[in-house]
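The block underneath contains the structure these notes are about, expressed in structure tokens.
The values are calculated or read from the model by the stated rules, or taken from the named source; none is laboratory data. All values derive from a computational prediction rather than experimental measurement. Because the Cβ atoms are built from the backbone with ideal geometry, glycine has one as well, and the counts that use them run over all protein chains shown. All accessible areas refer to the heavy atoms of the entire protein, side chains included, with ligands and DNA or RNA removed. Shrake-Rupley method; radii C 1.70, N 1.55, O 1.52, S 1.80 Å.
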Amino acid sequence: MTDLIALLDGLEVGVVRQDRNRLSFAYHDSWRTAPGAYPLSLSMPLAAAEHPHAAIEPFL
């Protein structure tokens, strides 16, 4: 498994993970609940903590 930390304005907002050529993205709870937080993409809303390959692959 390989991890890539996602940063916005110097803050860690989540982690992209690759496992057997499949990607996923998980927001950190601290970002999801922060005032002024926003999603990386409309297909990856903050309402869900984790997003599967189908949502993250087109974004990347």
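Look at (1) at pLDDT 95 or above; (2) not in a strand (DSSP E or B) and you find that residue 14 fails only one, number (2). Screening residue 26 on (1) within 16 Å of residue 59 (Cα to Cα); (2) open to solvent by less than 80 Å² (accessible area, probe 1.4 Å); (3) modelled with pLDDT under 95 shows it passes everything except condition (3). Scanning the range 40-60 for residues that are open to solvent by 50 Å² or more (accessible area, probe 1.4 Å) and either under 17 Å from residue 8 (Cα atoms) or not in a loop (DSSP other than H, G, I, E, B) (or both) yields 42, 45, 50, 54, 57, 58, 59, 60. Hey, can you tell me all the residues within the range 1-15 that are open to solvent by 40 Å² or more (accessible area, probe 1.4 Å), touching a strand residue (DSSP E or B) at 6+ places or on another chain (Cβ under 6 Å), in contact (Cβ under 8 Å) with a residue 12 or more places away in the chain and within 16 Å of residue 32 (Cβ to Cβ)? Result: 12, single match.
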